[in-house]
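Taking it in order: structure first as structure tokens, then the write-up.
The values are calculated or read from the model by the stated rules, or taken from the named source; none is laboratory data. Computed from a predicted structure; not experimentally measured. Here the Cβ is made from the backbone with ideal geometry for all residues, glycine too, and neighbour counts use every protein chain on show.
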Amino acid sequence: MHGSFVLASAALLCPLLSPGTDAPDAPDDAALLAAWEAADADLRREVVDYLDLDLSHQRTFQLDLSRWVVSAMGVDPGLLDEAREPRWFDPQVHAPKQPIPRQLLEPDDPRAVRVQRAMRAGLDVRAIEPAYVYDWGQRAVVIAGDTDDPTRRFRAALAGLPREFDLVEAQVLAWLDDGSKATVLEAFGNLYSDRDGRVYPGITLYEAWSSGTSIEMPDVDTLGLVHSIDDEWDRWVAPVPERQHEALYGRIGSHFVPARHHRGLREALALTYLTAEPAYRDGYTEGNTVGFHALWNRRSSDPRQLVEDLPAAQDWAEFLERVNADLADTREFYSGGTVRRDALAADQATLRRRLVAIMRELEVLPTEDDH
């Protein structure tokens with residue numbers, strides 16, 4: 001990775017006015033989604049395959065970044081391992097005096113839906129489920145869904161993102177993660193369960209603790225965490241008396257908060273890699289956007305360089321304060337962030353317009369002449 005990824009951003013603002021793009025009154029997302037849902041499977045496949053072919057001949061800052069990451073991975077994405085099966089703490093191991101059997105609920109079980117809805121209200125859930133994800137415990141990029149799903153590819157294009165956006169984000173995370181919180185994040189990667197033994201699909205302990213909702217924690221989960229992270233088996237034993245809860249939860253919190261600072265910062269930066277103004281989680285807001293783009297720009301958008309600048313978890317707050325100070329005090333740092341953000345916004349708009357043009361060409365949408 002060279003400085004060209006810094007300089008390219010200013011030059012690539014021009015495609016906004018390039019010939020062949022759609023008119024400013026292009027359909028909104030709802031209209032495009034309705035047209036997509038009305039199309040049959042063959043036509044949907046034709047749209048996204050045509051778009052991929054079209055984009056393969058295009059050069060933008062965003063597409064160049066995406067291609068560079070995939071190339072630099074050094075492995076065929078199709079050969080990556082599948083994501084692990086969902087896992088949860090075994091009561092026979094972690095709470096043998098309270099061996100309440102675990103029951104994994106079906107995703108559409110009303111009880112699972114209710115808990116997911118409550119917890120995800122406190123999280124910014126992504127509109128596009130990624131097919132590639134980063135496993136924080138194993139420190140590996142893995143396949144978690146259908147990488148060729150036409151609807152996922154369509155939704156990515158609708159957001160102005162290339163089909164491999166999730167692969168890029170996952171690989172960026174792999175480069176940004178130094179593994180210092182792998183043990184903690186592996187433990188918090190277990191699924192959340194309640195005191196009656198119900199295990200909730202799609203909600204890890206990390207997400208439950210990040211949600212900001214009041215949750216019940218069975219002894220098997222609290223003890224599973226301290227057993228896995230600290231190898232501490234003697235201080236607390238199930239059933240844990242109430243007088244010991246404060247110390248036990250304090251111990252767990254002392255691990256979770258730094259791990260969340262570590263993971264959350266890196267996830268926010270990875271979201272900002274290809275996206276001008278992403279929807280963040282873990283407390284990050286649009287107020288962080290220019291600073292994150294400025295960090296990327298200063299390091300030529302190379303995650304293998306940016307990782308050297310990232311703080312240890314205990315220095316997280318000071319790091320964010322320093323970024324804000326640099327934005328206020330250093331014009332070059334601030335302008336680098338705004339130019340990078342604006343370049344990606346232009347590229348996202350261009351990609352979305354290509355999607356609209358192809359949908360019209362294939363008569364998934366009416367052409368402008370039909371109005």
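Quick check on my filter: what residues within the stretch 251-262 are surrounded by 18 or more Cβ atoms within 10 Å (Cβ to Cβ) and β-branched (V, I, T)? Of everything in the stretch 251-262, just one residue is surrounded by 18 or more Cβ atoms within 10 Å (Cβ to Cβ) and β-branched (V, I, T), namely I252. Among residues that are modelled with pLDDT of 95 or more, in a helix (DSSP H, G or I) and either small (G, A, S) or within 27 Å of the chain's Cα centre (by Cα) (or both), A10 is not included. Would you confirm whether any residue within the stretch 241-251 is closer than 30 Å to D315 by Cα, touching a helix residue (DSSP H, G or I) at 6+ places or on another chain (Cβ under 9 Å) and either among the hydroxyl-bearing types (S, T, Y) or assigned to a loop (DSSP other than H, G, I, E, B) (or both)? The answer is yes, given that some residue of the stretch 241-251 is closer than 30 Å to D315 by Cα, touching a helix residue (DSSP H, G or I) at 6+ places or on another chain (Cβ under 9 Å) and either among the hydroxyl-bearing types (S, T, Y) or assigned to a loop (DSSP other than H, G, I, E, B) (or both). Take the conditions under 23 Å from L65 (Cβ atoms), modelled with pLDDT of 95 or more, among the polar types (S, T, N, Q) and touching a Pro at 6+ places or on another chain (Cβ under 7 Å) and apply them to T272. Does it pass? It is true that T272 is under 23 Å from L65 (Cβ atoms), modelled with pLDDT of 95 or more, among the polar types (S, T, N, Q) and touching a Pro at 6+ places or on another chain (Cβ under 7 Å).
Taking residues in the stretch 293-305 that are under 15 Å from N324 (Cβ atoms), and partners anywhere that are of a type in the set (F, W, Y) and at pLDDT 95 or above, the pairs with Cβ atoms closer than 8 Å and at least 6 places apart or on different chains are A294/F333; A294/Y334; R298/F333. Can you confirm whether R266 is within 15 Å of the chain's Cα centre (by Cα), surrounded by 22 or more Cβ atoms within 10 Å (Cβ to Cβ) and either among the charged types (D, E, K, R) or at pLDDT 95 or above (or both)? Against the criterion (within 15 Å of the chain's Cα centre (by Cα), surrounded by 22 or more Cβ atoms within 10 Å (Cβ to Cβ) and either among the charged types (D, E, K, R) or at pLDDT 95 or above (or both)), R266 qualifies.
Filtering L248, L274 for residues that are under 30 Å from A346 (Cβ atoms) and crowded, with 18+ Cβ neighbours inside 10 Å leaves a single hit, L274. For the stretch 35-87, a tally of residues being farther than 21 Å from A343 by Cα, in a loop (DSSP other than H, G, I, E, B) and touching a residue at least 24 places away in the same chain (Cβ under 8 Å) returns 8. Taken together, R120, R114 contain a single residue that is farther than 30 Å from L51 by Cα and surrounded by fewer than 15 Cβ atoms within 10 Å (Cβ to Cβ), which is R114. Note on the stretch 124-138: residues that are in contact with an Asp or Glu (Cβ under 8 Å, 6 or more places away or on another chain) and closer than 22 Å to L65 by Cα total 6. Does A170 satisfy being touching a residue at least 24 places away in the same chain (Cβ under 8 Å), within 22 Å of E82 (Cβ to Cβ), of a type in the set (G, A, S) and not in a loop (DSSP other than H, G, I, E, B)? So A170 passes the test. The residue that is modelled with the lowest pLDDT, among those in the stretch 175-221 that are farther than 15 Å from E267 by Cβ and acidic (D, E), is E216.
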